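Here's the structure, in structure tokens; my notes come after.
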Amino acid sequence: MRLRVAGEAGPLALDGHDVRGVECLGRVDNLAELYRTAQLVICPLREGTGSSIKIAEALAAGKPVLASQIAWRGYEIEADAVLDPPFDGRWAPRISELLASRRARERLFRAGVTALSCNAQGSTLLDLVERVART
């Protein structure tokens, strides 16, 4: 298993430790290649406001998303798609379970798309991100 962390929080979270299988990429201008090669997107936001573009972007790329409730803010999402802080021993087994099961990842993806599609703002956001991704 390889975990590639995009964004500025990765290096902060690892606090200078070198962890086998974890690559902190920092800020990434174009996530298309990361999405293309990913089997699962993890969005463990601890704070935020408004709709999460990260969720819509990952779903528009066809990827299942395991995220915190903060990341899913504004959407009614199934409990299986949510895993909240603290970032403790619950995360690794859940991620491993999802990576081991294509069926579980497909269910997670469908739950995410349904959550966004059942919300007018989320549906619009998903449509916009999909259109931008195609250009």
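Some notes on this structure:
- Taking every residue in segment 18-35 that is basic (Lys, Arg) and pairing it with any residue that is open to solvent by 100 Å² or more (accessible area, probe 1.4 Å), at least 6 positions away or on another chain, the pairs with Cβ-Cβ distances below 9 Å are 27/8.
- Residue 129 being open to solvent by less than 60 Å² (accessible area, probe 1.4 Å) and either modelled with pLDDT of 90 or more or within 21 Å of residue 4 (Cα to Cα) (or both): no
- Residue match in segment 91-98 (condition: within 19 Å of residue 118 (Cα to Cα) and open to solvent by 50 Å² or more (accessible area, probe 1.4 Å)): no
- Wholly enclosed strands (runs of 3 or more DSSP E) of segment 1-120 bearing at least 2 residues modelled with pLDDT of 90 or more and closer than 26 Å to residue 131 by Cα: 41-43, 65-67
The values are calculated or read from the model by the stated rules, or taken from the named source; none is laboratory data. Given the structure is predicted, the values throughout are model-derived calculations rather than measurements. With ideal geometry, Cβ positions are generated from the backbone for all residues, glycine too; neighbour counts draw on all protein chains shown. Each accessible area value is taken on the protein alone, full model and side chains, heavy atoms only, with ligands, DNA and RNA left out. Shrake-Rupley method; radii C 1.70, N 1.55, O 1.52, S 1.80 Å.
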